[in-house]
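The values are calculated or read from the model by the stated rules, or taken from the named source; none is laboratory data. This structure is a prediction, so every number in the text was calculated from the model and none was measured. As a convention, Cβ positions derive from the backbone with ideal geometry for all residues, glycine included, and neighbour counts pool all protein chains shown. Ligands, DNA and RNA are excluded from the accessible area calculation, which covers all protein heavy atoms including side chains. Shrake-Rupley method; radii C 1.70, N 1.55, O 1.52, S 1.80 Å.
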Amino acid sequence: MTKRFALGIFDDEDVLMHAIENVRAAGVKIYEVFTPFPIHGIDDALGIERSRLPIAAFFYGMCGLAFALWMQIYMLGFDWPMIIGGKPHIALPAFIPVSFELTVFFTCHGMVITFYAISKLYPRWRTPVLDVRSTDDKFVMAIEINESTDLNNLSKLLRENGASEVNEKEMTKN
């Protein structure tokens, strides 16, 4: 599957932020913006909704806590009950360190797997990059184009909003 993109290359993040607002106001859907460093407020400018990853983190943590408590209660209370230091078989204060560690363990691993799945960052040999300068010093606005897109008007719009150059690039999805 091949996708075509119009790439607006910008030299300054303030010009880019202004261009994002103007391009979106003109009714053009921006596919993605690539920057060499994080820019505060770009999510809001692009209209990206707030992530629901914290909700997933909470559920992963609760699963880790439930697993830790179940494991310790089962092992020390039913499977192999031992009296250690005169404590009862199910001593919840003694379970706090292991419960905390497994809560953090489940949350961290669950979040990494969820983030990679949502971002579609699957293992692959070569990561597709639309313009290598976006990792160094340029800001790249990618707009997906199809048969009905007027490339001349789009190029004019990007240049009017501060793009130093406008390129066309094809990407093949493996």
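Working from label points 7 Å from Cα in the Cα-to-Cβ sense, the K169 to S119 distance is 1.8 nm.
Grab the beta carbon distance between A57 and K3, set R0 = 25 Å, and tell me the FRET efficiency rounded to 0.05. Could you put the intermediate results ahead of the total?
On the way: r = 32 Å, r/R0 = 1.29.
For R0 = 25 Å, the calculated efficiency reads 0.20.
Note on D43 and E144: their simple-model spin labels are 2.2 nm apart, each label 7 Å out from Cα toward Cβ.
Can you give the accessible area per residue of the chain, in Å², using a 1.4 Å probe? Please report the intermediate quantities before stating the final value.
Working: 12220 Å² over 174 residues.
Accessible area per residue, the chain: 70 Å².
Could you let me know the centre-to-centre spacing of segment 95-136 and segment 73-88, using Cα atoms, in angstrom? The two parts, judged by their Cα centres, are 37 Å apart.
With respect to the chain, whose longest principal axis is taken over its alpha-carbon atoms, helix 151-160 is tilted by about 80°. The overall shape of segment 3-66 is prolate: from the C-alpha gyration tensor, with semi-axes ordered a ≥ b ≥ c, the ratio a/c is 1.5 or greater and a/b exceeds b/c. Using Cβ point charges alone (K and R +1, D and E -1), the dipole size of segment 1-112 about the Cα centre works out to roughly 540 debye.
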